[in-house]
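The next block holds one structure in the form of structure tokens; read it before the comments.
The values are calculated or read from the model by the stated rules, or taken from the named source; none is laboratory data. Computed from a predicted model, the values in this text were never measured in an experiment. Positions of Cβ are backbone-derived with ideal geometry, glycine not excepted, and every protein chain shown enters the neighbour counts.
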Amino acid sequence: MTTLTYKQAFDKITEAYIKGEIKPFDSDFCFCGTLASGRSWVEDKCPLYSRNDFVIMEAALLMQFYSSGYNVTRYGRGPAEWAIAGADESTPYYEEILFAGMCAALEVLKQIHIERGEIIDETPAFTKRQLQPA
């Protein structure tokens, strides 16, 4: 598959989010890694979106952690080489921050599809997952 509609991409991302498979600090399982399906989006080997598209989507998600007070630092030269100091799934408000980041990244995804000429009549609802207590 060399193209996805917005709805297909939205469904793929939201399914991974609901299943707990989105790992924002792991380039293979982050928002973009999920869309790339095992192809390296970092090395521009995924035909679905340009490297720039992926960087903008990932930045939209990670910016939510930064704006929530976490130290976001770049540790390399690649687009996915970012570290969020002290942020992981046990971080207070992690789920709220992740949800806000997902919303931001999904909006960027939608705009990318609109810029490609796709007509999006209806935006699917994206709701925060309900985690079961451990």
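For residues that are touching a Leu at 6+ places or on another chain (Cβ under 8 Å) and among the hydrophobic types (A, V, I, L, M, F, W, C), scanning just the stretch 3-17, find the one that is nearest to residue 30 (Cα to Cα).
13
Starting from the stretch 45-61, keep only residues that are touching a residue at least 12 places away in the same chain (Cβ under 8 Å) and surrounded by 17 or more Cβ atoms within 10 Å (Cβ to Cβ), then list their pairs with residues that are charged (D, E, K, R) and part of a helix (DSSP H, G or I) whose Cβ atoms are within a distance under 9 Å, requiring at least 6 positions of separation or different chains.
That search, which allows pairs on different chains as well, returns 60/107.
Is it the case that the stretch 4-25 has a residue that's modelled with pLDDT under 75 and farther than 27 Å from residue 130 by Cα?
no
Filter the stretch 28-55 for residues that are part of a loop (DSSP other than H, G, I, E, B) and under 10 Å from the mean Cα position of the chain (by Cα) and give the result. Show your work before the answer.
Our first condition is that a residue be part of a loop (DSSP other than H, G, I, E, B); within the stretch 28-55, this holds for 28-30, 37-50.
Within the stretch 28-55, 29, 30 qualify.
Only residues that are out of contact with any Asp or Glu (no Cβ under 9 Å at 6 or more places or on another chain), modelled with pLDDT of 80 or more and more than 28 Å from residue 50 (Cα to Cα): list them for the stretch 91-104, please.
93, 96, listed by residue number.
Check the stretch 80-90 and report whether any residue there is modelled with pLDDT under 90, within 13 Å of the chain's Cα centre (by Cα) and part of a loop (DSSP other than H, G, I, E, B).
Yes, that holds for at least one residue.
Tally the residues that are over 10 Å from the mean Cα position of the chain (by Cα) and either surrounded by 15 or more Cβ atoms within 10 Å (Cβ to Cβ) or of a type in the set (A, V, I, L, M) (or both), restricting the search to the stretch 15-24.
2
Condition first: over 19 Å from residue 121 (Cβ atoms) and out of contact with any Phe, Trp or Tyr (no Cβ under 7 Å at 6 or more places or on another chain). Now tell me which residues in the stretch 1-23 satisfy that.
Across the stretch 1-23, the qualifying residues are 1, 2, 12, 15, 16, 17, 18, 19, 20.
Mind listing whichever residues of the stretch 19-39 are within 16 Å of residue 56 (Cα to Cα), polar (S, T, N, Q) and out of contact with any Gly (no Cβ under 8 Å at 6 or more places or on another chain)?
34
I want to confirm something. Restricting to the stretch 25-44 and keeping residues that are within 20 Å of residue 118 (Cβ to Cβ) and among the aliphatic types (A, V, I, L, M), which single residue is surrounded by the fewest Cβ atoms within 10 Å (Cβ to Cβ)?
36
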